[in-house]
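Peer 1: What follows is a single structure, and I will ask about it in a moment.
The values are calculated or read from the model by the stated rules, or taken from the named source; none is laboratory data. Keep in mind that this is a model prediction, so the values were computed, not measured. All Cβ positions, glycine included, derive from the backbone under ideal geometry; neighbour counts span all protein chains shown.
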Amino acid sequence: MKKVKVLIMLSSVFSLASCTYHDWYGALQSNQQHKCRNLPPSAYDECINQSSETYSEYLKKRRQVLEEKKTKEKQKNKS
């Protein structure tokens, strides 16, 4: 019974952490887009495009970068 309580607590903590990171990302993205509004029109579109990546797109790119890094480290260790 005690193990079940621990598992429930851990899963709750991880769920909350995930939501927190998502919210944190959204807040940073909103802040960046707000800063874009202060730029001249010639720079505005590029700024908005750079800050319009969704959290899931960010996670996908992050995983790719981490996998590439891991692969490079393995190749380096083999040499």
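Peer 1: Being modelled with pLDDT of 85 or more and part of a loop (DSSP other than H, G, I, E, B) is the filter; apply it to region 1-43 and report the residue that is nearest to residue 54 (Cα to Cα). Walk me through it before giving the result.
Peer 2: Going residue by residue through region 1-43, those that are modelled with pLDDT of 85 or more are 23-43.
From what is left, the residues that are part of a loop (DSSP other than H, G, I, E, B) are 37-40.
On the way: 37: 19, 38: 22, 39: 22, 40: 24 Å.
Only one residue tops the list, namely 37.
Peer 1: Which pairs turn up if I take residues in region 44-65 that are closer than 20 Å to residue 23 by Cα and touching a residue at least 12 places away in the same chain (Cβ under 8 Å) and look for partners that are of a type in the set (Phe, Trp, Tyr) and surrounded by 12 or more Cβ atoms within 10 Å (Cβ to Cβ) with beta carbon separation below 6 Å, at least 6 apart in sequence or on another chain?
Peer 2: Qualifying pairs under 6 Å: 55/25.
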